[in-house]
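Below: one structure, written as structure tokens.
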Amino acid sequence: MDSIFDYKLSDMQEYFTSIGEKKYKAKQLFEWLYKKREFKFSNMSNISKSLQETLESDFTTSMLILRKKQTSKLTNKYLFELDDGNLIEAVLMRHDYGLSVCVSSQVGCNMGCTFCESGRLKKVRDLQAGEIVRQILMIENDIKERISSVVVMGIGEPFDNYKNIMDFIRIINDNNGIGIGARHITVSTSGLVPKIYDYANEDLQTNLALSLHAPNNILRTKLMKVNIAYPLEEVMAALKYYIEKTNRRVTIEYLLLDKINDTENCAKELANLIKGMNVYVNLIPYNETSHIEYKKSSNETVMKFYDTLKKLGINVTIRKEFGGNIDAACGQLRASEVEK
Ligand code: SAH
Ligand code: SF4
């Protein structure tokens, strides 16, 4: 049976038409679910008894199960259990501009980046759109506050689960529902080139972040084996297409690993690679994990890397370190729980 949370408004309208109901009922149902947060069909007072029963037999409305929550001053980290027992995580971050949530897109990840905990455990399966939507519903219910932005940067490679991610975006972006503005939604990819083109061609005002992490093929292939299938030149060409097509600025994520990709030469090479493009670089301090031997770059090195880029005219910021102490980086909580 489908989860009701897998359905975009247009899917729901189609469904209503297919069972001989009026299309506008779909909007009412959407409002119950996402505005009033009423998940019991039998409590939806403007929906007829017989329709309530049909919905009951056609859809599940189960929520995720909260298995664990770790909190610190600026972050909450959630471990959720899915209907089939698999575990995923999501993180809430408090910024000065509002609340953002980082959601997972798959159970594990097959990209196998050598620095990443999510990639250490192989992909079990893709998440359904509704399982990603429910991460947000669960967190909003927990904190009794509304979230203003969403990043798809948790466990998984979103572009390896493309259709469900696009459905997820359309569900949370819909004004009849949660209504998170497209400009406040960001998808991060390790660089699945064909999907960057597809994303550019969607009619969406959402954002794209690219995990670059290295300024040349030799180094990037060492860190990210996806670079063998889609080398740097192809990724950069796809980015240029995306920027031209959407007119949107792309975030380049660059993880700083001690003595691996944090030298002055790397900074210069990076500046050369992206010079003149409508991008900005977000330098990410590495969150060390016990299973992987990379170390984080020293603060001094991070500042030097930042200065070098700045001097070469590159827009650059350093990511605030959220909750390193509570395993807040990608996949670490799940990995420690699964391995227990
Ligand atoms: N698969 C997508 C999105 C999820 S990973 C991608 O790779 O972009 C989100 C970001 O977290 C990526 O930029 C990834 O490189 C980064 N990341 C992974 N492990 C990390 C760690 N231990 N510390 C800091 N960032 C990490
Ligand atoms: Fe997957 Fe992203 Fe981790 Fe790479 S960094 S293994 S793509 S989750």
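List of remarks:
- Rounded tilt (10° steps) of 49-58 against the dominant C-alpha axis of the chain: 40
- Taking amide H atoms as placed 1.01 Å from N in the peptide plane, the amide H of Arg125 lies under 5 Å from those of Val107, each 5 or more residues away in sequence or on another chain.
- Convex hull of Cα atoms in region 90-249, direction-averaged projection (nm²): 9.4
- Contact order normalised by residue count of the chain, Cα under 8 Å, 6+ apart, percent: 15
- Between Lys40 and Arg319, the distance separating the two model label sites (each 7 Å from Cα on the Cα→Cβ line) works out to 4.1 nm.
- Derived scalar couplings ³J(HN,Hα) [region 187-203; Karplus, 6.51 cos²θ - 1.76 cosθ + 1.60; whole Hz; x for Gly, Pro]: 10, 10, 10, 7, x, 7, 3, x, 6, 5, 5, 4, 4, 4, 8, 6, 8
- Proximal charge balance of Ala271 [Cβ under 10 Å; K/R count +1, D/E count -1]: +3
- Between Lys163 and Lys304, the modelled labels are 5.0 nm apart [label points 7 Å from Cα along Cα→Cβ].
- Short-range pairs are left out: with C-alpha atoms under 8 Å and at least six residues apart, the relative contact order of region 128-284 is 19 percent.
- Here region 91-221 exposes an accessible surface that is 49 percent carbon and sulfur, computed with a 1.4 Å probe and the other protein chains kept in place.
- Calculated FRET efficiency for the pair Leu66/Lys23, C-beta based, R₀ 35 Å, to 0.05: 0.50
- Taking other residues whose beta carbon is less than 11 angstrom from the beta carbon of Ile132, and scoring Lys, Arg as +1 and Asp, Glu as -1, yields -3.
- In this structure, the residue pairs whose Cα-Cα separation is over 27 Å, taken from Lys195/Lys295; Lys25/Lys163; Lys268/Lys295, are Lys195/Lys295.
- Scoring 48-58, 27-37 by mean Cβ neighbours within 10 Å over their residues and listing the highest first yields 27-37, 48-58.
- Between helix 9-18 and the chain: long-axis angle, C-alpha atoms, 0 to 90°, nearest 10: 30
- Once you reduce region 243-305 and region 93-160 to the center of their Cα atoms, the two points are 22 Å from each other.
- Where chymotrypsin sites (Phe, Trp or Tyr not before Pro) fall in DSSP loop in region 94-198, at most 14 other Cβ within 10 Å: Tyr97
- Rounded to the nearest 10 degrees, the inclination of helix 264-274 to the longest alpha-carbon principal axis of the chain is 50 degrees.
- Given Lys69/Lys123; Lys245/Lys310; Lys27/Lys320; Lys225/Lys320, the pairs whose alpha carbons are separated by over 29 Å: Lys27/Lys320
- Mean separation of Cα pairs under 8 Å and 6 or more residues apart, divided by the residue count, gives region 9-86 a relative contact order of 16 percent.
- Within region 250-271, backbone nitrogen closer than 13 Å to the virtual label 7 Å beyond the Cα of Lys295 toward Cβ: 257-260
- The smallest convex shape that holds all Cα atoms of the chain, its convex hull, gives 133 Å³ per residue.
- Between Arg248 and Ile218, the FRET efficiency estimated from the beta carbon spacing at R0 = 30 angstrom works out to 0.50.
- Isotropic mean projected area of the C-alpha convex hull, region 1-126 (nm²): 10.4
- Positive contributions from Lys and Arg (+1) and negative ones from Asp and Glu (-1), summed over other residues with Cβ under 12 Å from the Cβ of Asn282, come out at +2.
The values are calculated or read from the model by the stated rules, or taken from the named source; none is laboratory data. In this text, all values refer to a predicted model and were calculated from it rather than measured experimentally. No Cβ is skipped: glycine too gets one built from the backbone with ideal geometry, and neighbour counts run over all protein chains shown. All accessible areas refer to the heavy atoms of the entire protein, side chains included, with ligands and DNA or RNA removed. Shrake-Rupley method; radii C 1.70, N 1.55, O 1.52, S 1.80 Å.
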